[in-house]
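To start, the structure itself, in structure tokens.
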Amino acid sequence: MEFEHRPVLLAPTVDALLQADFGGKGASRSGQADDAQAEARAHARVQRGVFVDGTFGRGGHSSELLSRLGPEARLVVFDKDPQAIAVATELAARDRRVTVVHDGFATMREALAGLGIEHIDGVMLDLGVSSPQLDDAGRGFSFMREGPLDMRMDTTRGPTVADWLADASVDEMREVIADYGEERFAFQVAKAIAARRATRPLRTTLELAECVASAVRTREKGQHPATRTFQALRIYINRELEELARALASALELLAPGGRLAVISFHSLEDRMVKQCIAAAAKPAVAHARLPLRESELPQPLVRSLGRVLASDDEIAGNARSRSAVLRVAERTDTPLDADAATFVPAMRVPGESPAAKRGAKRRPR
Ligand SMILES: C[S@@+](CC[C@H](N)C(=O)[O-])C[C@H]1O[C@@H](n2cnc3c(N)ncnc32)[C@H](O)[C@@H]1O
């Protein structure tokens, strides 16, 4: 069966990569010379820019971008999902500007180096899962549909959620569910899973959903009790935040002056990381605030923020998924990067890796 994906914040995301004046006053340009330079860069980007779509999905954003790029431009697309990659490969067969990489976007820098690409003009990330992944019960992402407890974006490698739940320690499960699901009843859920698997292994989505529901004591309005636990397990098994952290650091390294970063997040953990990374790279001087440096010696901004865009009421009415979407956009400045790009990404504690959680832990998704 073919499942459809309706792209979220489609026009603003592509505008963010291409339009000279995107974000208006967000840019720190001041005079006509700066405006002319920005226009010239935008023109060159459209004609022969190199772009990355880190989350191809069904290619909604890629297709819109390609429709606005010149014949000499290039687009490298990534996805972990073999079904998305099959669609991307068909597109690449029709459009010689497209190159397909079946891997996580965290590998962007290495993958592009392998293609002989050192600098890019724009990168977009539309995070999380696609509608086809959610709608296909066989992928195990939905607590509403009976299916195998899988949840891997890349079905060709790594443990499934069922594999991981079979032998994770209670502490490890509690940490993952608390940190990535922000679930108040994380400990109770972890204990319920451990009790249940002692009698029969958890194999399906509905078995897990029922088990979680038995442990979550107060329901949030309009939300299934398993929502937070499913989100946590999905983020963990796919290493979603670690992937994002690496991709943000790579973007700082790869973007050419004037190049744009556009990231669509769907929950606060992702959005916080994107927001803090842009803020840190936009104001690197903050880290040196206590040092007795002269104004001219302070580190200059690596990016300027071009703001944040939310879905309009019309878009939300037509596509409920867009309700929680936040697009953040930044533009790379001319300042050379002379620090480790990873220092601009907020430090992240990886749940399941604390000494307590590690006790009894056997497997970590790769
Ligand atoms: C929200 S969808 C993107 C939809 C796409 N923009 C479109 O218009 O069709 C997210 C896609 O990104 C993929 N994905 C999520 N995280 C990824 C990662 N770290 N590396 C590569 N692909 C990832 C998922 O497999 C999924 O296909």
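No lab work stands behind these numbers, since they all come straight from the coordinates. Just so you know, these numbers come straight off a predicted model, no measurement behind them. Note that each Cβ is placed from the backbone with ideal geometry, even for glycine, and that neighbours are counted across all protein chains shown.
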> In the stretch 56-129, how does Rg compare with the Kirkwood Rh, expressed as the Rg/Rh ratio over alpha carbon atoms?
Replying inline: 0.92
>> Check which residues have an amide H placed less than 5 Å from residue 19's amide H, if you skip close sequence neighbours.
In response: none
> So what J values fall out for the stretch 175-187 if you push phi through Karplus, 6.51 cos²θ - 1.76 cosθ + 1.60 with θ = phi - 60°, rounded to Hz, Gly and Pro as x?
Replying inline: 4, 4, 5, 6, 6, 9, x, 6, 8, 4, 9, 4, 5
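So how do 195-204, 63-72, 165-174 stack up, highest first, on mean other-Cβ count within 10 Å? Can you show the working numbers first?
Details: 195-204: 13.2, 63-72: 14.9, 165-174: 21.5.
Top to bottom by mean Cβ count within 10 Å: 165-174, 63-72, 195-204.
Cα-based Rg of the stretch 155-238 per 2.2 N^0.38 Å, rounded to two decimals?
Working: Rg = 11.8 Å, N = 84, 2.2 N^0.38 = 11.8 Å.
Ratio of Rg to 2.2 N^0.38 Å for the stretch 155-238: 1.00.
Using packing as a proxy for protection, rank 300-310, 119-129 so that the peptide with the highest average count of other Cβ atoms within 10 Å comes first. Numbers along the way, then the final one.
Numbers: 300-310: 19.1, 119-129: 23.8.
Top of the packing list down: 119-129, 300-310.
Using R₀ = 56 Å, calculate the FRET efficiency as 1/(1 + (r/R₀)^6) where r is the Cβ-Cβ separation of residue 199 and residue 37; round to 0.05.
Numbers: r = 68 Å, r/R0 = 1.21.
So the FRET efficiency works out to roughly 0.25.
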>> Using only the alpha-carbon atoms, what does the stretch 14-154 span along each of its principal axes? Please give whole angstrom values in decreasing order.
In response: 60, 32, 26
> So what's the chain giving for Cα Rg divided by 2.2 N^0.38 Å, two decimals?
Replying inline: 1.04
> For residue 312 and residue 217 in the same chain, what is the full-extension length gain: residue separation times 0.36 nm, less their Cα-Cα distance, in nm?
Replying inline: 30.7 nm
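Net charge within 10 Å of residue 271 by Cβ-Cβ distance, Lys/Arg positive one each and Asp/Glu negative one each, not counting residue 271 itself?
Numbers: positive: 272, 275, 308, 328; negative: 270.
Within the 10 Å Cβ shell, the charges total +3.
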> Hey, how many Å between the Cα centroid of the stretch 115-192 and the Cα centroid of the stretch 211-257?
Replying inline: 7 Å
